[in-house]
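Enquirer: I'd like to ask you about the structure that follows.
The values are calculated or read from the model by the stated rules, or taken from the named source; none is laboratory data. Keep in mind that what you see is a predicted model, and the values were worked out from it rather than measured. In this analysis, Cβ positions are derived from the backbone assuming ideal geometry, glycine residues included, and neighbour counts consider all displayed protein chains.
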Amino acid sequence: MTQPFATQTVIEVTYLVASVLFILSLKWLSAPTTARRGVRAGELGMLLAIAGTLLNRGIVDYKWIAIALVLGSIIGVPLGMVHMTAVPQRTALSHAFGAFCVTLVGTAEFYLRTPEVPRFTMAVLSMEVILGSLTFTGSLMAAGKLQEVLPQRPITYKGQNFVNLSLLAVAVGIAVYLVVHPAASQLFPVMLIIGLMFGVMMIVPIGGADMPTVISLLNSYAGLSAAAMGFVLDSKLLIIAGALDGSSGFILSVIMSKAMNRSFTNVLFGAFGQVQASAAAGHEARTVRTATAEEAAAILGAANTVVIVPGYGMAVAQAQHKVRELFDALTKRGVDVKFAIHPVAGRMPGHMNVLLAEADIPYDRLLDMDTINPEFPQVDVALIIGANDVTNPAARSDPSSPIYGMPILDVDKARTVMVIKRSMSPGFAGIDNDLYYLDKTLMLFGDAKAFVGNIVRELTGGSH
Amino acid sequence: MNSDLINNLYVFVLAGFIGFEVIRRVSPLLHTPLMSLTNALDAIAVVGAIVLVGENSGVPGAKSKLATILGTLAIIAATSNVVGGFLITDRMLKMFKVSNPKKP
């Protein structure tokens, strides 16, 4: 307000331009051909906004700002250079950092403004701090589970939902009290701590298989807390960025929840129960057909169309580069090779595409579930590497199955199915897969990387 | 104040709609870069932290001191998201290539 009019206008214009660039950035991200331009636009917008902010006449001292900007950049570089398999935990960590920033600023703003905080400001400030603090600890927990520092198994106890919801209710109760009595500053740290606790408690019952949904949800919370901060600071740029991030996380959560067959309310409230392990799996000894690498290579080499279905097991075995060699060997023989990507393949939305792109597999060969499913009846061989539940036909046909209703890749409609698998042990959800017992299915037992390597050797050694 | 609030609500709702329409069109291929990019953009919160530190550092009083410390930490966290987020997004996008017919 004390700013000379001209400077204030310049700052506002940089913010406006930055907002436009942010929206263009996401628009250009829609296709791989323009996506990198999107990154440039985002960077430019960010640079403009920061430069504009530094013009702010209210700033009396630049020392700590400069130190913090440099330190942040130094920490940011290694976080931008992590291995592609580690991108999910890096993303969770950056949600935590974003939420950390928002929570700290919210806390500082509260103490600067108390005892006189206008009601609406106090309401959004509470929202900022509650969402920020729960996203902070929740994301740290998620990162820990993804990094396998924390146990991936869901930890549940009786009355868990009640405890969690009560915690949240107390935090919201305090927020309401603060709106009415903003001078009661001793309650503020209580609200903050409950938010931090709730973040931990929220993630404890969630297992590794649900991580793609959780990450998306935390993404959405991070965005909403930033938008709330925008309301507190009366910054439209922040409101816009927060709203974009919030809706992005929201859309991804909905896509992930659909792919896992979870209801919409489940996503909104973050109440993910773990999948009940099927208790009475009728374990009569059923027979499977097996094949050697040599036989598999002969069948693959003679096929016209092959669809490879990669799962996270492929990435765990670090087999994506061998898979790429297989792709090359088959393509050279004139076989049409495509990849079928289930939305929850990998550990965060789109993760599998990144892992395959890293192995230099062209992205026009990577097809999503809705595109590839109608093609399966014309496919000669479906080769499944490290995927299990997303190929289980029980999801279509067996209402008693815990995964019933989950959209799956219709691999069983292909003429021949091959499954590379270590053993007959069941997947994440602990469910037997009927696919393995079909007459058309060949089980290829072994380590994914070694087995694919053997197939490649057979294919390239035998002929030209 | 009141009209500011209404204006901000308009901005929030409209930006939400734009976000929804734009992001709905992002190919599932690019959902991971999408998340890392929105994360980097979200770190625009750094501008709030910069103003906070700039207005309070060096100003006497416990509240200003607290604001300076919290704000400095906030700038560090947000800047690392800006740098790391843009960097990894670009690294990922660089890897997405079409099949090249120039195979020997």
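Enquirer: Is it the case that segment B:22-33 has a residue that's surrounded by fewer than 16 Cβ atoms within 10 Å (Cβ to Cβ) and within 18 Å of residue A:23 (Cα to Cα)?
Expert: yes
Enquirer: Please pick out the residue among B:84, B:16, B:58, B:71 that is at the interface with chain A (Cβ under 7 Å from one of its Cβ atoms), surrounded by fewer than 19 Cβ atoms within 10 Å (Cβ to Cβ), touching a helix residue (DSSP H, G or I) at 6+ places or on another chain (Cβ under 9 Å) and small (Gly, Ala, Ser).
Expert: Going through B:84, B:16, B:58, B:71 in turn, the sole match is B:58.
Enquirer: Across segment A:42-80, what is the total count of residues that are facing chain B (nearest Cβ under 7 Å) and within 25 Å of residue B:95 (Cβ to Cβ)?
Expert: Number satisfying all stated conditions: 9.
Enquirer: Please go through (1) within 17 Å of residue A:228 (Cα to Cα); (2) within 7 Å of another protein chain (Cβ to nearest Cβ); (3) of a type in the set (Phe, Trp, Tyr) for residue B:10 and return the number of the only condition it doesn't satisfy.
Expert: (2)
Enquirer: Separate question: Name every residue in segment A:87-132 that is more than 7 Å from chain B (Cβ to nearest Cβ) and of a type in the set (Phe, Trp, Tyr), in order of residue number.
Expert: Residue satisfying the conditions is A:110 alone.
Enquirer: Kindly check whether there is at least one residue in segment A:161-180 that is among the hydroxyl-bearing types (Ser, Thr, Tyr) and assigned to a loop (DSSP other than H, G, I, E, B).
Expert: Here is the first cut: in segment A:161-180, the residues among the hydroxyl-bearing types (Ser, Thr, Tyr) are A:166, A:177.
Narrowing further to those that are assigned to a loop (DSSP other than H, G, I, E, B): none.
There is no residue in segment A:161-180 that is among the hydroxyl-bearing types (Ser, Thr, Tyr) and assigned to a loop (DSSP other than H, G, I, E, B).
Enquirer: Another question, if that's okay. Quick one: which of A:209, A:143, A:226 is in contact with a Phe, Trp or Tyr (Cβ under 6 Å, 6 or more places away or on another chain), part of a helix (DSSP H, G or I) and outside the structural domain of residue A:311 (by TED's automatic domain parsing)?
Expert: Being in contact with a Phe, Trp or Tyr (Cβ under 6 Å, 6 or more places away or on another chain), part of a helix (DSSP H, G or I) and outside the structural domain of residue A:311 (by TED's automatic domain parsing) holds for just one of A:209, A:143, A:226, which is A:209.
Enquirer: Right, next: So residue A:382 fits all but one of (1) surrounded by fewer than 24 Cβ atoms within 10 Å (Cβ to Cβ); (2) over 27 Å from residue B:88 (Cα atoms); (3) small (Gly, Ala, Ser); what number is the exception?
Expert: Status for residue A:382: all satisfied but (1).
Enquirer: Give the residue, chosen from A:359, A:329, that is surrounded by fewer than 24 Cβ atoms within 10 Å (Cβ to Cβ), touching a residue at least 24 places away in the same chain (Cβ under 8 Å), under 28 Å from residue A:142 (Cβ atoms) and out of contact with any strand residue (DSSP E or B) (no Cβ under 7 Å at 6 or more places or on another chain).
Expert: Within the list A:359, A:329, the selection yields A:359.
Enquirer: Quick one: which helices (runs of 4 or more DSSP H) lie wholly within segment A:341-460 and hold at least 2 residues that are over 24 Å from the mean Cα position of the chain (by Cα)?
Expert: Once the helices (runs of 4 or more DSSP H) in segment A:341-460 are filtered for at least 2 residues that are over 24 Å from the mean Cα position of the chain (by Cα), what remains is A:394-397.
Enquirer: Determine whether residue A:405 is in contact (Cβ under 8 Å) with a residue 24 or more places away in the chain and of a type in the set (Gly, Ala, Ser).
Expert: The answer is yes for residue A:405.
Enquirer: Kindly provide the set of residues from segment B:1-34 that are more than 14 Å from residue A:29 (Cα to Cα) and not in a helix (DSSP H, G or I), ordered by number.
Expert: B:1
To keep it simple, each residue is scored yes or no on (1) out of contact with any helix residue (DSSP H, G or I) (no Cβ under 9 Å at 6 or more places or on another chain); (2) in a helix (DSSP H, G or I); (3) more than 26 Å from residue B:65 (Cα to Cα).
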residue	(1), (2), (3)
A:10	no, yes, yes
A:15	no, yes, yes
A:19	no, yes, yes
A:22	no, yes, yes
A:33	yes, no, yes
A:50	no, yes, no
A:60	no, no, no
A:71	no, yes, no
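Yes/no per residue for (1) within 21 Å of residue A:292 (Cβ to Cβ); (2) of a type in the set (Asp, Glu):
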residue	(1), (2)
A:381	yes, no
A:386	yes, no
A:408	no, no
A:412	no, yes
A:417	yes, no
A:439	yes, yes
A:451	yes, no
A:456	yes, no
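Enquirer: Sticking with this one: Give all pairs with beta carbons closer than 6 Å in which a residue from segment B:82-98 that is without any contact (Cβ under 8 Å) to a residue 60 or more places away in the chain meets a residue that is outside any helix (DSSP H, G or I); count only pairs at least 6 apart in sequence or on separate chains.
Expert: These pairs meet every condition: B:97/A:362; B:98/A:362.
Enquirer: Would you be able to say whether some residue in segment A:252-259 is facing chain B (nearest Cβ under 7 Å), buried (at least 24 other Cβ atoms within 10 Å of the Cβ) and either at pLDDT 95 or above or in contact with a Ser or Thr (Cβ under 7 Å, 6 or more places away or on another chain) (or both)?
Expert: Within segment A:252-259, the subset facing chain B (nearest Cβ under 7 Å) is A:252.
Subset that is buried (at least 24 other Cβ atoms within 10 Å of the Cβ): A:252.
Checking which are either at pLDDT 95 or above or in contact with a Ser or Thr (Cβ under 7 Å, 6 or more places away or on another chain) (or both) leaves us with A:252.
Yes, some residue in segment A:252-259 is facing chain B (nearest Cβ under 7 Å), buried (at least 24 other Cβ atoms within 10 Å of the Cβ) and either at pLDDT 95 or above or in contact with a Ser or Thr (Cβ under 7 Å, 6 or more places away or on another chain) (or both).
Enquirer: Turning to a different aspect of this structure: Which one of these does residue A:354 not meet: (1) within 12 Å of chain B (Cβ to nearest Cβ); (2) closer than 15 Å to residue A:452 by Cβ; (3) buried (at least 23 other Cβ atoms within 10 Å of the Cβ)?
Expert: Answer for residue A:354: the failing condition is (2).
Enquirer: Just checking, which of A:162, A:188 is surrounded by fewer than 13 Cβ atoms within 10 Å (Cβ to Cβ), of a type in the set (A, V, I, L, M, F, W, C) and either modelled with pLDDT under 95 or over 20 Å from the mean Cα position of the chain (by Cα) (or both)?
Expert: Sole residue among the options that is surrounded by fewer than 13 Cβ atoms within 10 Å (Cβ to Cβ), of a type in the set (A, V, I, L, M, F, W, C) and either modelled with pLDDT under 95 or over 20 Å from the mean Cα position of the chain (by Cα) (or both): A:162.
Enquirer: Could you give me the residue pairs with C-beta distances under 8 Å whose first residue belongs to segment A:43-72 and is on the phi < 0 side of the Ramachandran plot and loosely packed, with under 14 Cβ neighbours inside 10 Å, whose second residue is in a helix (DSSP H, G or I) and of a type in the set (A, V, I, L, M, F, W, C) wherever it lies, and which are 6+ apart or on separate chains?
Expert: A:55/A:10; A:55/A:11; A:58/B:51
Enquirer: Determine whether segment B:20-29 contains at least one residue that is within 30 Å of residue A:119 (Cβ to Cβ) and of a type outside the set (Lys, Arg). If you could, list the steps in order and put the result at the bottom.
Expert: As a first pass, look at segment B:20-29 and keep what is within 30 Å of residue A:119 (Cβ to Cβ): B:20.
Right, trim to of a type outside the set (Lys, Arg) and you get B:20.
Taking every residue of segment B:20-29 in turn, at least one turns out to be within 30 Å of residue A:119 (Cβ to Cβ) and of a type outside the set (Lys, Arg).
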